[in-house]
Amino acid sequence: MTQTAVGTAPEQTPVTPELERAAEKAESRRGFLIGLPAAVYLVLFFALPFILVLVYSFASRSSTGLTVLRNWNVDSYQRLLDPLVSEIFWRSFMLALVTTAVCLLVSYPFAYYIATRRPGLRNVLLILVMIPFWSNFLVRTYAWRVILGSEGIATQISQVFGGGQVRLLFTTSAVLIGLVYGFLPFMVLPLYASIERLDWSLVEAARDLYANGWTAFRKVTLPLSMPGVVAGSILVFIPSLGAYVTPAILGGARNVLMGDYIVSQFLAARNWPFGSALSIAVMFVMLLATIFYFRAGAKTL
């Protein structure tokens with residue numbers, strides 16, 4: 001009788017192209033089932049609402065002001081060229097840019113400080129950055145209304161030093177303060193993630209080559225942290241451009257921004273086609289900003 005040799009490996013099935021294709025199909029089917037809930041969620045709550053807004057932007061209004069889903073036209077898009085719309089959009093765009101710039105100037109030193117601390121202190125500082133997310137954004141914005149009011153903390157501090165009443169509420173400065181406060185964590189966290197992954201030996205090499213602190217930062221640290229700069233800027237700029245709550249509470253009727261104007265077209269003016277066209281225009285600008293983010297991110301890799 002023949003005996004099987006000890007330690008002999010069992011015979012394996014040869015890999016054929018048919019087996020490889022079957023494995024690829026099984027893997028594709030598994031990935032489809034895993035991603036199906038997310039795909040259904042995106043279709044229901046993102047794709048379908050966008051399609052509805054797009055359809056309404058080409059609709060018309062009846063003599064009584066009702067939206068009529070016939071007689072399709074581009075009158076609402078032609079109104080986007082009105083001087084009033086251009087003024088509101090330009091004001092919103094510039095305020096979003098200033099908000100992004102202020103958040104970047106404030107967040108970069110703070111993110112750099114967090115990334116260079118010991119792990120224990122670093123975790124505490126990160127928790128402090130995320131604490132605002134634990135409370136309602138509307139409540140925090142109303143708190144700024146109290147602070148910036150005529151009898152708020154700003155006025156009290158001014159009176160301590162012999163000054164008069166400080167009027168910040170219902171101004172562009174108040175809106176800027178509220179936007180910077182609300183979106184600052186969206187700039188700090190990407191910057192921290194980018195700076196924390198830096199190869200600090202490159203900075204040390206620059207200092208060994210007689211580069212001072214500013215030169216090492218400008219030539220090494222800042223270029224390597226640009227993915228965080230770009231990501232944080234996009235995360236701040238996009239919501240700032242379409243912000244509604246902060247301008248409505250802190251800006252008042254004299255500081256109308258794009259978010260307020262769009263809401264007024266839907267709720268007050270009942271002009272759904274024009275409000276939809278405004279929404280599509282804002283989303284188009286946000287899409288351009290997102291494309292810029294991906295292209296800039298690809299160049300920095």
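The values are calculated or read from the model by the stated rules, or taken from the named source; none is laboratory data. Please read these numbers as outputs of a predicted model, since none were measured by experiment. Here the Cβ positions follow ideal geometry from the backbone for every residue, glycine too, while neighbour counts run over all protein chains shown. The accessibility values were calculated without ligands, DNA or RNA, using every heavy atom of the protein model including side chains. Shrake-Rupley method; radii C 1.70, N 1.55, O 1.52, S 1.80 Å.
For the reader, a short list of remarks on this structure follows.
- Here, the stretch 215-299 is characterised by an Rg to Rh ratio of 1.16, where Rg is the alpha-carbon radius of gyration and Rh the Kirkwood radius.
- Span-rule helices in the chain, defined as complete DSSP H runs reaching 27 Å or more along the axis (Cα) with Kyte mean at least -0.5: 17-42, 83-115, 172-196, 272-300
- Gained length - Ala143 relative to Ile34, 0.36 nm times residue gap less alpha-carbon distance: 35.0 nm
- Extension reserve of the Ser158-Leu121 stretch, reckoned as 0.36 nm per residue once the Cα distance is removed: 9.9 nm
- For the residues Leu42, Leu169, a 1.4 Å probe over the protein chains yields an accessible-area ranking, largest first, of Leu42, Leu169.
- Built from the Cα atoms of the stretch 16-164, the convex hull projects on average onto 21.2 nm², one quarter of its surface area.
- Cubic angstrom per residue, convex hull over Cα atoms of the stretch 176-267: 100 Å³
- Whole-Å semi-axes of the stretch 32-90's equivalent ellipsoid (Cα gyration tensor): 32, 18, 8
- Reference-scaled alpha-carbon Rg (2.2 N^0.38 Å with N residues) for the stretch 88-137: 1.53
- Considering only alpha-carbon pairs that sit under 8 angstrom and 6 or more positions apart, the relative contact order computed for the chain is 25 percent.
- Ordered from longest to shortest, the equivalent ellipsoid semi-axes for the stretch 176-225 are 29, 12, 6 Å, each the square root of 5 times a Cα gyration tensor eigenvalue.
- Heavy atoms of the protein chains alone define the surface here; on that basis the chain has 63 Å² accessible area per residue at 1.4 Å probe size.
- Of all accessible heavy-atom area on the stretch 183-301, the percent that carbon and sulfur account for (1.4 Å): 69 percent
- A Cβ-based charge dipole, computed about the Cα centre of the stretch 93-241 with Lys and Arg at +1 and Asp and Glu at -1, lands at about 80 debye.
- Using every pair of distinct Cα positions in the chain, the Kirkwood expression returns a hydrodynamic radius of 24.0 angstrom.
- Equivalent-ellipsoid semi-axes for the stretch 113-271 (Cα gyration tensor, √(5λ), whole Å, largest first): 38, 21, 15.
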